[in-house]
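The values are calculated or read from the model by the stated rules, or taken from the named source; none is laboratory data. Model, not experiment: these values are computed from the prediction. For neighbour counting, all protein chains shown are included, and Cβ atoms are generated from backbone atoms with ideal geometry for every residue, glycine included.
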Number of protein chains: 2
Amino acid sequence: MKIRDLDEDGFLEILLKGLPTGRNLIVGPGDDCAVVKAPGGRELLLLKTDCVVEGIHYLPDDDPARVGRKAINRAISDIAAMGGEPHYALVTIFSPPEVPVAYWKALYEGLGAAAERHSIGVVGGETTRAPMKAVSVSLVGKVESQRLLLRSTGKPTDRLFVTGTLGGSLAGKHLDFEPRLAESRWLGAHGHARAMMDLSDGLASDLPRLAAASQCGFVIDSTAIPRNPRRTLHQALTDGEDYELLFATPPRLVDRLRRGWENAFPKLRLTEIGHLCEPGSSFSSMPRGFDHFFSLPANSSP
Amino acid sequence: MKIRDLDEDGFLEILLKGLPTGRNLIVGPGDDCAVVKAPGGRELLLLKTDCVVEGIHYLPDDDPARVGRKAINRAISDIAAMGGEPHYALVTIFSPPEVPVAYWKALYEGLGAAAERHSIGVVGGETTRAPMKAVSVSLVGKVESQRLLLRSTGKPTDRLFVTGTLGGSLAGKHLDFEPRLAESRWLGAHGHARAMMDLSDGLASDLPRLAAASQCGFVIDSTAIPRNPRRTLHQALTDGEDYELLFATPPRLVDRLRRGWENAFPKLRLTEIGHLCEPGSSFSSMPRGFDHFFSLPANSSP
């Protein structure tokens, strides 16, 4: 069996089976971040590592500052997906030796500006020679236990919401998105969500993950999906790299959520797209979403 | 300017200049790990990321279990270099799609066995497609403030020690070394060392780094360098990937160090190789050590 015969979830499941996870792991592989107890303390840490590879996650001609921003914003979005806040970043770059220093300097500046915007310290770096360019970012964040939002805690009848609009990220948004950190912190602080994740692979891939983790089915109203201008429903479901939040809210809290949201984030659309239900009743004809590992021919764009 | 025109230290210095480091950074780039305050707590965390690339840090024919062990042991060695203990690991693999799943499963098993040996939880993983194989490991550890050992805290007259024997790592030791975690914890607990690092690039590259960080010069006795069997002095100084500890001990503590060491680690050689001195008086004719980024032709072995 080759890894191209598996999807990423299946591949990771095989790899991680039987590995030691330690006694202080609260939430392991399968959610957006790992949640662990701080060594020697009681706080909850969020740990995430994420990478972008040239020719897969971005194009050789893309502005390096925007690539750097994307590299860190993807990981920030995963911290946001758990209701947490990012604190520290470690950055590894892979590079052929003939790349100009100015390229990497520009990339680091874009990355650093995004870090600064979210009060993240870039505390370490590594460089290594490789046949292609790539950037790997590891983030350490924290989350208060009462604000922690998992994929696995949704319940049948919870209503499903997405922030922003979906589809067409390749037109530029995949480089320039803003991770929904403020929105996520607000949701956690007010208890308006019961389960959450970020949309990285497209709603058609990600919603089934949240529902499965919560042992639920789901129903969505395809006419309600908020699309970016000139995008088809199929694109909104499967393009991926939206980096919006998908969350589940108990029915009794929906009115309060809506009113609070309008006050707090008047410029960001919040859309109800359906609800969780008992397992076995999913609308399962959704097209399959973007899987960066397996869906693309070599050297194609995202 | 291309990055091949710089060494890794110089390249990182350019990249990291002007980046936000945050208010809770205790020790930033330039030591073996970053030292930060735990988010929301007072403990000190150690953060490290490290990667190995096929054709650069290991050969295509190398046993994947040994490669996995090396990938995590390198980062563990950096945690040891600070006097700390590792707690959590995140692992990213880069792979062409045609690689058999069994290859990565074997690599993860080697990595997992090393993690288990040191009570490290492998709490997250990521996979991405790439033109070559590579493994990146991020570790989160902790260190008690009184045990923290930096490169920068040596003083003139401190005596210099190395553990084990040096040189010839390519013959296999670079895959099979044991990070000196127990030894490092013991040194920190007893206050026997004042500055420390691990030897990853060879004594000829690493000792000048420790001395410069401590604003000292150094004197070494070339006849005292502990060599592996059939290795020349030049190899012992420059082959790199020894993953032994190099540390500085105040003269008044040397007798106690020696006696304690013999009891605690009777099987591991400890050798005094020289001392730190006032800056400007270094023995500076040492050959230059291994720099994995710049010293090797493409696709050569480590």
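For the reader, a short list of remarks on this structure follows.
- Total residues in segment B:123-140 satisfying the condition of being in a strand (DSSP E or B), at the interface with chain A (Cβ under 7 Å from one of its Cβ atoms) and either under 20 Å from residue B:76 (Cα atoms) or not hydroxyl-bearing (Ser, Thr, Tyr) (or both): the figure is 9.
- Test: residue in segment B:63-82 that is facing chain A (nearest Cβ under 8 Å) and crowded, with 24+ Cβ neighbours inside 10 Å: no
- Segment B:40-56, residues that are part of a loop (DSSP other than H, G, I, E, B) and either facing chain A (nearest Cβ under 7 Å) or within 18 Å of residue B:104 (Cβ to Cβ) (or both): B:40, B:41, B:43, B:55, B:56
- Only one of the listed residues (A:13, A:109, A:116) is among the acidic types (Asp, Glu), at the interface with another protein chain (Cβ under 7 Å from one of its Cβ atoms) and not in a strand (DSSP E or B). That residue is A:116.
Okay, residues lined up against (1) modelled with pLDDT of 95 or more; (2) surrounded by fewer than 24 Cβ atoms within 10 Å (Cβ to Cβ); (3) under 15 Å from the mean Cα position of the chain (by Cα); (4) among the charged types (D, E, K, R):
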{"position": "B:113", "(1), (2), (3), (4)": "yes, yes, no, no"}
{"position": "B:117", "(1), (2), (3), (4)": "yes, yes, no, yes"}
{"position": "B:124", "(1), (2), (3), (4)": "no, no, no, no"}
{"position": "B:131", "(1), (2), (3), (4)": "no, yes, no, no"}
{"position": "B:138", "(1), (2), (3), (4)": "yes, no, yes, no"}
{"position": "B:141", "(1), (2), (3), (4)": "yes, no, yes, no"}
{"position": "B:152", "(1), (2), (3), (4)": "yes, yes, no, no"}
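- Unmet requirement for residue B:73, which otherwise passes all of (1) closer than 30 Å to residue B:187 by Cα; (2) touching a strand residue (DSSP E or B) at 6+ places or on another chain (Cβ under 7 Å); (3) assigned to a helix (DSSP H, G or I): (2)
- Any hit, segment A:136-153, residues being touching a residue at least 24 places away in the same chain (Cβ under 8 Å) and on the phi > 0 side of the Ramachandran plot: no
- Of the residues making up segment A:183-194, not a single one is outside the structural domain of residue A:253 (by TED's automatic domain parsing) and within 20 Å of the chain's Cα centre (by Cα).
- The one condition in (1) surrounded by 20 or more Cβ atoms within 10 Å (Cβ to Cβ); (2) modelled with pLDDT under 95 that residue A:261 fails to fulfil: (2)
- Inside segment A:20-39, residues that are more than 25 Å from residue A:179 (Cα to Cα) and part of a loop (DSSP other than H, G, I, E, B) make up a count of 6.
- Segments classed as helices (runs of 4 or more DSSP H), wholly inside segment A:160-275, with at least 3 members that are out of contact with any strand residue (DSSP E or B) (no Cβ under 8 Å at 6 or more places or on another chain) and small (Gly, Ala, Ser): A:203-213
- So residue B:88, is it hydroxyl-bearing (Ser, Thr, Tyr), under 30 Å from residue A:40 (Cβ atoms) and not assigned by TED's automatic domain parsing to the domain that holds residue B:172: yes
- Put simply, of A:247, A:218 the only residue that is buried (at least 21 other Cβ atoms within 10 Å of the Cβ), of a type outside the set (Asp, Glu), under 30 Å from residue A:66 (Cβ atoms) and in contact with a helix residue (DSSP H, G or I) (Cβ under 7 Å, 6 or more places away or on another chain) is A:247.
- Residue match in segment B:222-235 (condition: closer than 23 Å to residue B:31 by Cα, at pLDDT 90 or above, surrounded by 15 or more Cβ atoms within 10 Å (Cβ to Cβ) and of a type outside the set (D, E, K, R)): no
- Residue in segment B:197-210 that is over 15 Å from the mean Cα position of the chain (by Cα) and buried (at least 24 other Cβ atoms within 10 Å of the Cβ) present: no
- Residue match in segment A:170-182 (condition: surrounded by 23 or more Cβ atoms within 10 Å (Cβ to Cβ), within 28 Å of residue A:256 (Cα to Cα) and among the small types (Gly, Ala, Ser)): no
- Search result, residues across segment B:96-106 that are more than 18 Å from residue A:7 (Cβ to Cβ) and facing chain A (nearest Cβ under 8 Å): none
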